[in-house]
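The values are calculated or read from the model by the stated rules, or taken from the named source; none is laboratory data. In this text the structure is predicted, and so the values were computed from the model without any measurement. For neighbour counting, all protein chains shown are included, and Cβ atoms are generated from backbone atoms with ideal geometry for every residue, glycine included.
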Amino acid sequence: MNKQLNPMVSAVTERIVERSRALRQQFLAVAKQQQSKGKGKASLSCGNLAHAVAASCSQDKANILDLTRANLAIVSAYNDMLSAHQVYKEYPDQIKQALAPLGHTAQIAGGVPAMCDGVTQGQPGMDMSLFSRDLIAQSTAFSLSHNMFDGTLLLGICDKIAPGQLMGALEFAHLPTAFIPAGPMGSGITNDQKVDVRQKYAAGVVDETALLQMECASYHSPGTCTFYGTANTNQLVFEAMGLMLPGSAFVPPTSALRHALTEYAAVRLASMTIGSRHYRPLYEVVTEKSLVNGLIALLASGGSSNHTIHMLAVARAAGILLTWQDLSDLSDVVPLLVNVYPNGSADINAFEQAGGVPMLMTRLHQAQLLHSDVKPVFGEFIDQLKSPQWVDNQLVWQACDESKDPTVISLPDSVFQPSGGIKVLTGNLGQAVMKVSAVAVAHREVEAPAKVFHCQHEVEAAYQRGELNQDCVVVVRFNGPAANGMPELHKLMPILGNIQKAGYHVALVTDGRLSGASGKIPAAIHVSPEALRGGAIGLIEEGDLIRVDANTGQLENLTATTGRTGAQCDTERLQQSWGRGLFKICRENVSSADQGASFLYS
């Protein structure tokens, strides 16, 4: 441990190490056994190799079959509908061209599905979204299973995609592995304008034409969405874990710097193959300490609540047992150092202009909150505190000084909030998480009668009938992983925002999900156990007095429920259309949210 490391960070790390000891040793044994086999293509038969190079040009065939040359696997989430991944179209050719002069090669090992929660919000497809993470992990493993590769380049950004790719790559953790990011689209209209129009539409003040016009002005070009949701949280956290080039997460897609970073990462990774003096396998990069660094960056930036699920699953894939309590304890000592939407009004481009991830890492290191004895994919820990620059057609890294915009990334003697973005709530309703960074202090404690629903559409209908104009805790149950895949309940945010704006005390309690853009409503989400599996959220009745307190961590039904029978809902009947029927095996085998909501590690 670092000599000057914050005591809580040290204690949490130590207990993760101890809790994970047996499982981590098992994971490392598998990775090292795979490593001991040497270069994968060396073990393939002549027929195997012939199939693998049949479509390659003569020069590439010679280079691939030459065991002194590196052949990198590209696992891509490219599709041309989703803005974040559309920019990946040209990346494989660019990577291959960068490697060719050195005699190295790359092949597109496979593609993975790339669902967008922004497209499926409020639609049946959202019920499959969370399951896509584990499917992507399997798809990544399929892509690497040909054993033709000396390293892995992961081209993926958004919500379930990047975590899934990392989980799959960890099955081949003997390979050096890096993410190749693509960057955000330019800033459109302000986040305040977005929220204003959405709330006005929910209240019936503006029509659908005005709403569509606003949304198209917000999401308008290739690149990642600019608010700090799950996609951008992936990028920030994985850079903080050392899984990509320092400072590369949020460089714009079309810039010369982005082009240079992509080529540099590919060339560097090709030099890290088994047997080389630069060999750095993924199992040396993803460790308990690098995981904790990622969690601290998550908390200090006010990142997506989805990562209370994803990080548990990623950790498990690396043989590490992480709990919500670990996150909550870290949150108590990690201040909020970043002020972007939904915590503030700035977007991810403003964060990048203020210094980006290297500046945040510098601030956290100054505060003695990071493990410095880690091995990022590229360089050493100290390199993670440097920003890339494109100077005279050369790529250089410069150490960060201080925030270029103190309203977005705080200065050394300043914080935006004294504690981090995530709070774990417990009580007789089970366990839940709340993203508190965007919730005003005045709204963090709510005690009010329950209004009970089984889906977000019922809430919308009740609001339109005028039945929610009161102090209330809106309970939405039967939306957990086993019930319907745990969809994000985005329709609720404008509605609950309007209730709060009208002066009422309102909170949300649900076994469903929200995202990084979950807004300013106190929302106890991911309630575990979920209603379908006998959780106490299923015992709540209309009018029960519910207490949601982010200050004390309470999640309580103050009304006696002795003698009650849990509510029933035939959720499976509603899952037989729009492709959801294929995922019955996932619903039956998925773990609870507080275990990562995974059907791979249930």
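When the stretch 388-425 is filtered for residues that are touching a residue at least 60 places away in the same chain (Cβ under 8 Å), surrounded by fewer than 21 Cβ atoms within 10 Å (Cβ to Cβ) and not in a loop (DSSP other than H, G, I, E, B), the ones remaining, listed by number, are Gln389, Trp390, Leu395, Trp397, Gln417. Look at Lys32 and say whether it is in the same structural domain as Glu284 (by TED's automatic domain parsing), more than 30 Å from Gly118 (Cβ to Cβ), among the charged types (D, E, K, R) and modelled with pLDDT under 95. Taking the combined requirement at face value, the residue does not satisfy it. Comparison of Val292, Val333, Val338 shows that the only residue that is within 28 Å of Ala141 (Cα to Cα) and modelled with pLDDT of 95 or more is Val292. Among the residues making up the stretch 497-513, those that are at pLDDT 95 or above and part of a strand (DSSP E or B) are Val506, Ala507, Leu508, Val509, Thr510.
When the stretch 319-354 is filtered for residues that are in a helix (DSSP H, G or I) and in contact with a strand residue (DSSP E or B) (Cβ under 8 Å, 6 or more places away or on another chain), the ones remaining, listed by number, are Trp324, Gln325, Leu327, Ser328, Ser331, Ile348, Asn349, Ala350, Phe351, Glu352.
Taking the options Ala260, Ala266, name whichever one is farther than 30 Å from Val433 by Cα, out of contact with any helix residue (DSSP H, G or I) (no Cβ under 6 Å at 6 or more places or on another chain) and assigned by TED's automatic domain parsing to the domain that holds Thr230. None of the others qualify; the one that does is Ala260. Could you check, for the stretch 282-296, whether at least one of its residues is buried (at least 24 other Cβ atoms within 10 Å of the Cβ), in contact with a Pro (Cβ under 6 Å, 6 or more places away or on another chain) and not basic (Lys, Arg)? The answer is no, given that none of the residues of the stretch 282-296 is buried (at least 24 other Cβ atoms within 10 Å of the Cβ), in contact with a Pro (Cβ under 6 Å, 6 or more places away or on another chain) and not basic (Lys, Arg).
For the stretch 427-458, filtered to residues that are under 27 Å from the mean Cα position of the chain (by Cα) and among the β-branched types (Val, Ile, Thr), the residue that is farthest from Gly344 (Cα to Cα) is Val433. (1) of a type in the set (A, V, I, L, M, F, W, C); (2) under 29 Å from Val590 (Cα atoms); (3) not assigned by TED's automatic domain parsing to the domain that holds Ala42: which one isn't true of Ala202, the others all being true? Just one mismatch for Ala202, condition (2). Does Gly188 count as at positive phi and either surrounded by fewer than 19 Cβ atoms within 10 Å (Cβ to Cβ) or not in a helix (DSSP H, G or I) (or both)? When the stated conditions are applied, Gly188 does not pass them.
Taken across the stretch 476-487, residues that are surrounded by 20 or more Cβ atoms within 10 Å (Cβ to Cβ) and either assigned by TED's automatic domain parsing to the domain that holds Thr308 or at pLDDT below 95 (or both) do occur, with at least one present. When Val357, Val374, Val314 are checked against the criterion of being of a type in the set (A, V, I, L, M, F, W, C), modelled with pLDDT of 95 or more and in a loop (DSSP other than H, G, I, E, B), a single residue qualifies: Val374.
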